[in-house]
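Note sheet for the following structure.
Values quoted throughout were computed directly from the atomic coordinates according to the rules given, and no laboratory measurement underlies them. Note that the structure is a prediction, hence the values are computed from the model and not measured. Every residue, glycine among them, receives a Cβ derived from its backbone with ideal geometry; neighbour counts consider all protein chains shown.
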Amino acid sequence: MKTKAPSAQLDIHQILQLLPHRFPFVMVDRVDEVIAGKSIRGHKCIAYNEPWFQGHFPQRPIMPGVLILECLAQIGAILAYASAPFDPTTNLMFFLGIDKVKFRHTVVPGDRLDLSCHVLHQRSNAWKLNGEASVDGTLCAQGELLATIVDRAP
């Protein structure tokens, strides 16, 4: 089943049609803007009941940096789909690598993590994206993401 390309805004139900992830690993709550082939903006609302806060860290809960990168990878996959639609029932986008990553500020319960990615390079099924995550205009994490579209079947 071929799903149509995303519109400028996507809610959680539309996001779930594109991403293979499910609770507790869906890391994008809403997409606010998509410019196919160029950029995407969206966000994740960080709640105290997120599963990682029980152990990271109980006395001062902060969102793990690798999960912030996962947020960026997921919103990047949505951008790739919007730019060159693929069938999410037969294809997946695999995260291949990260470069130039910096963590600049902590993300805590109650924050709205704003996510943005723009295309640095795209060729065939390979994507290189620049991603940034921020809270209230303060940059929390940034980096370059590399991903590829593959068949679901091994």
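Summary table
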{"read-out": "Chain lengthening between residue 11 and residue 92 when straightened (0.36 nm per residue, less Cα-Cα)", "value": "27.2 nm"}
{"read-out": "FRET efficiency for residue 54 and residue 84, using Cβ-Cβ distance with R0 set to 25 Å, rounded to 0.05", "value": "0.05"}
{"read-out": "Total charge dipole magnitude, the chain, about the Cα centre, Cβ charges on Lys, Arg, Asp, Glu only, Debye to nearest 20", "value": "220"}
{"read-out": "Whole-Å semi-axes of the ellipsoid equivalent to segment 75-154 (Cα gyration tensor, √5λ, descending)", "value": "26, 14, 11"}
{"read-out": "Amide N proximity, segment 122-154 versus residue 62 label position 7 Å along Cα-to-Cβ, cut-off under 18 Å", "value": "133-143"}
{"read-out": "Cleavage-rule hits, trypsin sites (Lys or Arg not before Pro), segment 89-132, DSSP coil, Cβ neighbours within 10 Å at most 12", "value": "104"}
